[in-house]
Structure formats: C-alpha cells, structure tokens
Amino acid sequence: MELDMGSMAAAIGVSVPVLRFLLCFVATIPVSFLWRLVPGRLGKHMYAAGSGALLSYLSFGFSSNLHFLVPMLLGYASMVLFRRRCGIITFFLGFGYLIGCHVYYMSGDAWKEGGIDATGALMVLTLKVISCAINYNDGLLKEEGLREAQKKNRLIGLPSLIEYFGYCLSCGSHFAGPVYEIKDYLDWSEGKGIWSRSKKGPSPYGATIRALLQAAFCMALYLYLVPHFPLSRFTDPLYQEWGFWRRLGYQYMSGFTARWKYYFIWSISEAAIIISGLGFSGWTESSPPKPRWDRAKNVDILGVELAKSAVELPVVWNIQVSTWLRHYVYERLIQKGKKPGFFQLLATQTVSAVWHGLYPGYIFFFVQSALMIAGSRVIYRWQQALPPTMGLVKKILVFLNFAYTLLVLNYSCVGFMVLSLHETLASYGSVYYIGTILPIALILLGYIIRPAKPVRSKARKEQ
C-alpha cells in the first residue's frame, strides 16, 4: 500500500502525506452525502463527529484528534463554568493553543517543503469554537442593543456535548472550511428553518457538479502554471538580473499561480457542503426562484481576479473567514456612536495574520492588506466626489483603483507565500517597495486632498 501511495504521489508531484490528505479531503464529498441518509437527530450529530474524527485520523494520525480535543474542551468548559466571560476566555485560550501548535510544528515550513499536518484543520476548528462561545455569551445580552448578526446567531441555551462535537468536527468543513455558525448547524441537523422537512428542499446535485468541475479546472491550471513560476526564483541570482518590470510581472504571475491551489481546495469544500445540504442558504427572488448556496461559498474567483477595488477583496476571498473576522473582531472593536477607522482594520488584519501563523511573511502580508484597503478607499472617495459631468475622469479613477489593487495585492502576497523575513524583504526590495510606498502615499494624500462629500438625493438618504 505504501509503495502504491509512493508511486501515486510521485506521479502527481506531491509527497505521500499530502496525497493521503488529498484523498481524505476528496472523501469528504461522499461522506457528506451519506449524512443525508443517517436517521435521527442524535445519529446525525454522532455521524458528523465520528466521520470528521475518522478522516482526521486517516489523514494526520491519532495525535490530530488529541489536538482538536484541547480547544474544544476548553471552549465547552468556559461556556459551562464562566458564561459571562466565556467568549473572551475562549478567544484567548483558543488562539493561544493554536499559536503554540504553529510554533511547535512550524507548519508553514512544512507546507512549503511538501509536508502537511493538522494545524490547517485546527485553524478552522479554533474559529468554530470561539464563535460558539461568543454566541453563547451573547445569549445573556438584551436583544435591543445587538447587531443583526448577533441577534441571528446568539445562543440562549447551551448545546449538548454531542451537538457541540458534531458541529466542531463535521467533516465537510473540518479540513479547510468554510466556517459556519452552530445555530445553522443545529437547524440543519434538526430540520428547522430553511431546512424544515415540511418544505421541499432543492436538489444539490447540479451545484455539486458545478463545484467539482470548477475544482478540476483550478487544479489543472495550477499544475500547468506552477513549474513555470516557482517560488525559489525569488532567491535565484537570475531574478535579480531582470529589469524592474519583469520582476514585477513575475510577482504577479507567482501570486496568480498560487491562488489556483486555494481555489481548488475551496471548490472541493464547497462541493462537500452543498451535497450535505448545509450549503443551502435560501432562494433567490427571481422568477422562478433558484436555490442559493452562499453558506458553502468561500471564494468568488472572478471577483478576486477582477476586483475593482481592494475593499472588495475580503468579500470575495476566503469569504466565510472574512465574515467571521468582521462579526467577531472588527465590529466588536467599534465603540458605540463612533465610526470604524484604520485601527479596527489593522487589528482585524493582525488577528488574521496570527491565525495563519507567526511567520514574518504573514505579518507583512496582512499589514500590507490593511494599507492596501485604506489606500483603495482614498481613490474611491475621490471617485465618488466627482460630479456626473466628469464621467471620463471617474472612469480613469476606476481603472486606476483596479490597477492599484492588482499591483499591491500580488506584491503583498509574495510574503504570504515565501514566509521568511529574508525572502519577503528581498522580493519587496527587488521592486523598490512600490507596493508599500504607493498605499502609504495614497493614505497621506487622502489627508491633504479631502474631497467634499457627494450630494445625495432625498430618496437615497431615506434608503
């Protein structure tokens, strides 16, 4: 068996541990389908927890489930013993344990060298555990002062241990997301809300096939591109001999190539969540109505590659994690009666960086992301302040925002890929830190050139 795995792995150019993970990862699709056939609420929770634990064992070994138990039990204990503070306690305990695992396993180095471990799944699990505790904490608060997301997701009662384990380990999202709320998981398992058994649900098969075809295309394109744009080129003397524009072009193609790997992973996750039924999020208002599968969606490929503004990127890239960060970090840092500013944006990006791991490349990337978004907002404000008579200038600014986003995103994501301080600074320096200087210059210009607020019609104001 090992020999077969070795030859299979060599044939597709990956290590045996990565091949084992990929096989288990793809297996989440049929396993998620079988969930639909499990009778009874208790049976569904046990199947969700058991199948997730089994696939983790087959993919990462027995120790992975021990690692998962730590934040799960810490989170549940905090909800039982310290409900009034369980959200903040679980947040710091969960992230503390995750950081410890990141440091111990140095997973980023392993991933770069073709290895794999359970820290990726632990990252997803940590967000689930924290959101569950915070929502249980919110169940004590009066509904009047809560945001819509808090009202929707708050937990009045404590989930049972088997419900909690089923939510945390449900195999469709266990390996790579998407992250979803325990309230949705419970409604799905119990046939409530939009999953009510009294209503005829949509067929998931067409959407599942579409996600699988997308996954196949993404992997094929990635395998075609990756030999032409290796990350090792950034430390190659040949790279330093190239001119500025060629180096900048190589950074763009490296980022473009790497993204297709993530598109593949998220497409497989999307297929698993859709076929289980959990991905269903309601019906469109079109005639006839069509099913929406937003809960399963983690990326909008064209939305990323053709983003008109950096502000759009969190809405189209790693969508469910971006939603988690908005609900559980960004919005909770905004003081009542005040508008969010650069501090909330930077703090949110810092949490995201720490969640990924304590590599300098991650820190640089997410600080860069905060600068990139802030700079893009400046261009957008200038664009919105222009009167309708200056349509051509407005179109030029739209194009400049698109070009700015394309340049800074692909410059910044080199740090996310190479991770080390030396390689990150070397790659940034090779293009004279243009992707850092440009956003900072725009932010400073935004303080100098302050456009008047656009006049809105009365109807628009009422909206």
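Per the Debye formula on identical point scatterers at the alpha carbon atoms of the chain, with no solvent, log10 I(q)/I(0) at q = 0.11, 0.14 Å⁻¹ is -0.99, -1.53. The distance from the alpha carbon centre of segment 349-368 to that of segment 217-295 is 20 Å, rounded to a whole number.
With the cut-off at 1.5 for a/c, could you classify segment 303-382 from its C-alpha gyration tensor as rounded, prolate or oblate?
Taking the square roots of the gyration eigenvalues as a ≥ b ≥ c, segment 303-382 is rounded.
Normalised per residue, the accessible area of segment 320-463 is 54 Å², obtained with a 1.4 Å probe and no contribution from ligands, DNA or RNA. Share of carbon and sulfur in the accessible area of segment 12-156 stands at 70%, probe radius 1.4 Å.
On segment 320-420, 71 percent of the accessible area sits on carbon and sulfur atoms, based on a 1.4 Å probe. In terms of packing, defined here as the mean over residues of other Cβ atoms within 10 angstrom, the peptides 418-426, 432-440 line up highest first as 418-426, 432-440.
Are any of the pairs LYS142/LYS336; LYS290/LYS395; LYS128/LYS151; LYS199/LYS290; LYS297/LYS395 more than 23 Å apart by Cα-Cα distance, and if so, which?
Too far apart for the 23 Å limit: LYS290/LYS395; LYS297/LYS395.
As a test of the formula, what do you get for the chain when each DSSP H run with n ≥ 4 contributes -39,500 (n - 2.57) and the sum is divided by the residue count, at 222 nm and rounded to the nearest 500 deg cm²/dmol?
Calculated from helices alone, the mean residue ellipticity at 222 nm is -22000 deg cm²/dmol.
Counting only protein heavy atoms and a 1.4 Å probe, segment 183-295 has 51 square angstrom of accessible area per residue.
Of the peptides 94-100, 369-375, the order by per-residue mean of other Cβ atoms within 10 Å, starting with the highest, comes out as 369-375, 94-100. Per residue, the convex hull spanned by the Cα atoms of segment 338-411 amounts to 79 cubic angstrom. Here segment 199-284 exposes an accessible surface that is 69 percent carbon and sulfur, computed with a 1.4 Å probe and the other protein chains kept in place. In the context of the full set of protein chains, segment 1-153 has a per residue accessible area of 48 Å² (1.4 Å probe). Legend: helices of the chain (whole DSSP H runs) are marked when their alpha-carbon atoms reach 20 angstrom or more along the helix axis and their mean Kyte-Doolittle hydropathy is at least 0.5; marked are 16-35, 62-81, 86-105, 119-138, 205-225, 342-356, 360-385, 391-418, 434-448.
Entry for segment 53-151 at q = 0.13, 0.23, 0.24 Å⁻¹: log10 I(q)/I(0) = -0.52, -1.11, -1.17, Debye formula applied to identical alpha-carbon scatterers, no solvent contribution. For ARG197, put the label point 7 Å out on the Cα→Cβ axis and report which residues of segment 26-48 keep their amide N under 18 Å from it. Once the point is set 7 Å along Cα→Cβ of ARG197, 34-48 turn out to lie under 18 Å by backbone N, inside segment 26-48. Summarising the amide proton neighbourhood of ARG292: residues at separation of 5 or more, or on other chains, whose placed amide H is nearer than 5 Å comprise SER281, GLY282, TRP283, THR284. Ordering of 57-65, 175-183 by packing is 175-183, 57-65, highest average first (other Cβ atoms within 10 Å, averaged per residue).
The values are calculated or read from the model by the stated rules, or taken from the named source; none is laboratory data. It should be emphasised that the depicted structure is a prediction, and the values quoted were computed from it without experimental measurement. Counting neighbours? That spans all protein chains shown, and the Cβs are built from the backbone with ideal geometry, glycine included. The protein model used for the area step is the full one, side chains on, heavy atoms only, and it has no ligands, DNA or RNA in it. Shrake-Rupley method; radii C 1.70, N 1.55, O 1.52, S 1.80 Å.
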